[in-house]
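Trainee: I have a structure I would like to understand better, so I am pasting it below and will then ask my questions one at a time.
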Amino acid sequence: MSPPSPSDRRYRLHPDVVWIERPDGSVHLMHMSANVCAIDAEAAALLRAIFAVGPAPAAAELAARDGMPAVEAETEVADFIRSLRRQRLIQPAPDEASVAPRDRTAIGVIRGALRLVDTLARTPRTRTRGMLWAARWAVFQFGWARAIRAWEVLFPQPADVAIASPQRLAEIDEAVREIAASSLVGLECKERSLVCLALARTHGVRAQLIVGIAHDPMQGHVWVEAAGRILGDDPEHYRSFDRVACYG
């Protein structure tokens with residue numbers, strides 16, 4: 001069987017991308033490891049059609065709506081898809097059966113890396129440092145979306161919630177931020193948040209990972225909230241971001 005042509009192929013949002021709808025119908029596509037792309041309301045409607053019915057029907061709808069030749073509409077849709085793929089904002093939709101095994105692989109490999117950290121760590125501080133490096137590696141190896149899905153499995157919300165100790169949460173926040181800041185290699189908000197999430201939940205505290213976006217300049221950010229406290233970030237810094245997604 002020959003592979004599907006680009007016009008037959010189905011597409012979906014890249015798993016590391018957050019779709020942020022604006023009041024005017026325009027959309028921001030925020031890649032958690034790369035850029036943010038703004039598209040206007042017409043382009044957003046076209047992208048929805050590509051996701052829903054595929055490129056060829058979406059091109060036919062575009063031609064009928066705008067009264068353009070079919071070939072011109074097909075070219076416009078193909079160029080649009082090519083641009084978004086080049087920016088890693090969309091990707092071909094995989095067979096559903098292939099998605100879960102890749103997540104299971106990520107979970108198993110990340111679990112092994114974290115067990116190695118636990119084996120080698122001699123102090124809580126060295127364990128935190130090792131977890132930060134494991135988080136960095138996980139995001140690099142598997143991408144943000146798959147890494148956080150694995151993290152949610154490995155560090156689920158605690159069933160029996162402990163009374164949150166403000167001192168303990170302050171110690172987690174301080175240790176993670178201090179170690180990340182002193183690293184010679186950039187350990188940024190994603191790594192800090194993953195480790196804060198893991199440490200808070202390990203101590204029986206319910207914690208959520210929040211994704212935010214700022215519009216001027218356009219940038220994304222991640223932080224953790226636990227027992228009313230911000231972990232892994234300066235409390236004054238996160239307020240400049242609008243929440244667009246929440247894990248946990």
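The values are calculated or read from the model by the stated rules, or taken from the named source; none is laboratory data. Small disclaimer: the values here were computed from a predicted structure and weren't measured. All Cβ positions, glycine included, derive from the backbone under ideal geometry; neighbour counts span all protein chains shown.
Trainee: Considering only residues that are in contact with a Phe, Trp or Tyr (Cβ under 7 Å, 6 or more places away or on another chain) and either among the basic types (Lys, Arg) or closer than 18 Å to residue 166 by Cα (or both), which ones fall in segment 210-230?
Mentor: Scanning segment 210-230 gives 223, 230.
Each row is one residue, and each column tells you yes or no for (1) part of a helix (DSSP H, G or I); (2) at pLDDT 95 or above.
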{"site": "68", "(1), (2)": "no, no"}
{"site": "97", "(1), (2)": "yes, no"}
{"site": "105", "(1), (2)": "yes, no"}
{"site": "115", "(1), (2)": "yes, yes"}
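Trainee: Scan segment 172-189 for residues that are within 18 Å of residue 221 (Cβ to Cβ) and assigned to a loop (DSSP other than H, G, I, E, B) and jot them down.
Mentor: Correct list: 186, 187, 188.
Trainee: Do we have residue 169 as in contact (Cβ under 8 Å) with a residue 40 or more places away in the chain, assigned to a helix (DSSP H, G or I), farther than 22 Å from residue 115 by Cα and not acidic (Asp, Glu) here?
Mentor: yes
Trainee: Further question on the same structure: Report yes if residue 192 is under 16 Å from residue 114 (Cα atoms), in a helix (DSSP H, G or I) and touching a strand residue (DSSP E or B) at 6+ places or on another chain (Cβ under 7 Å), otherwise no.
Mentor: No, not satisfied.
Trainee: Evaluate the following for residue 162: is it outside the structural domain of residue 20 (by TED's automatic domain parsing), among the aliphatic types (A, V, I, L, M) and surrounded by 14 or more Cβ atoms within 10 Å (Cβ to Cβ)?
Mentor: For residue 162, the condition - outside the structural domain of residue 20 (by TED's automatic domain parsing), among the aliphatic types (A, V, I, L, M) and surrounded by 14 or more Cβ atoms within 10 Å (Cβ to Cβ) - is not met.
Trainee: Kindly indicate whether residue 46 is under 20 Å from residue 32 (Cα atoms), buried (at least 19 other Cβ atoms within 10 Å of the Cβ), assigned by TED's automatic domain parsing to the domain that holds residue 29 and in contact with a Phe, Trp or Tyr (Cβ under 9 Å, 6 or more places away or on another chain).
Mentor: Here the answer is no, as residue 46 does not meet what is asked.
So that you can scan it fast, the table gives a plain yes or no per residue for (1) more than 31 Å from the chain's Cα centre (by Cα); (2) surrounded by 17 or more Cβ atoms within 10 Å (Cβ to Cβ); (3) not in a helix (DSSP H, G or I):
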residue	(1), (2), (3)
38	no, no, yes
57	no, no, no
64	yes, no, no
73	yes, yes, no
78	no, no, no
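Trainee: Still on this structure, I have one more. Could you check how many residues of segment 172-220 are among the β-branched types (Val, Ile, Thr) and either in contact (Cβ under 8 Å) with a residue 60 or more places away in the chain or on the phi > 0 side of the Ramachandran plot (or both)?
Mentor: Residues meeting the conditions: 3.
Trainee: For residues in segment 112-132 being surrounded by 15 or more Cβ atoms within 10 Å (Cβ to Cβ) and without any contact (Cβ under 8 Å) to a residue 40 or more places away in the chain, which is farthest from residue 191 (Cα to Cα)?
Mentor: Out of the qualifying residues, it is 121.
Trainee: Something else now. Which residues, taken from segment 100-111, are without any contact (Cβ under 8 Å) to a residue 12 or more places away in the chain and surrounded by 13 or more Cβ atoms within 10 Å (Cβ to Cβ)?
Mentor: Result: 105, single match.
Trainee: Now for a different question. Among what's in segment 222-239 and is in contact (Cβ under 8 Å) with a residue 24 or more places away in the chain and outside any loop (DSSP other than H, G, I, E, B), pick the residue that is surrounded by the fewest Cβ atoms within 10 Å (Cβ to Cβ).
Mentor: Restricting to residues being in contact (Cβ under 8 Å) with a residue 24 or more places away in the chain and outside any loop (DSSP other than H, G, I, E, B), the top hit is 229.
Trainee: Moving to a separate point now. In this structure, does residue 27 turn out to be closer than 19 Å to residue 87 by Cα and at pLDDT below 85?
Mentor: no
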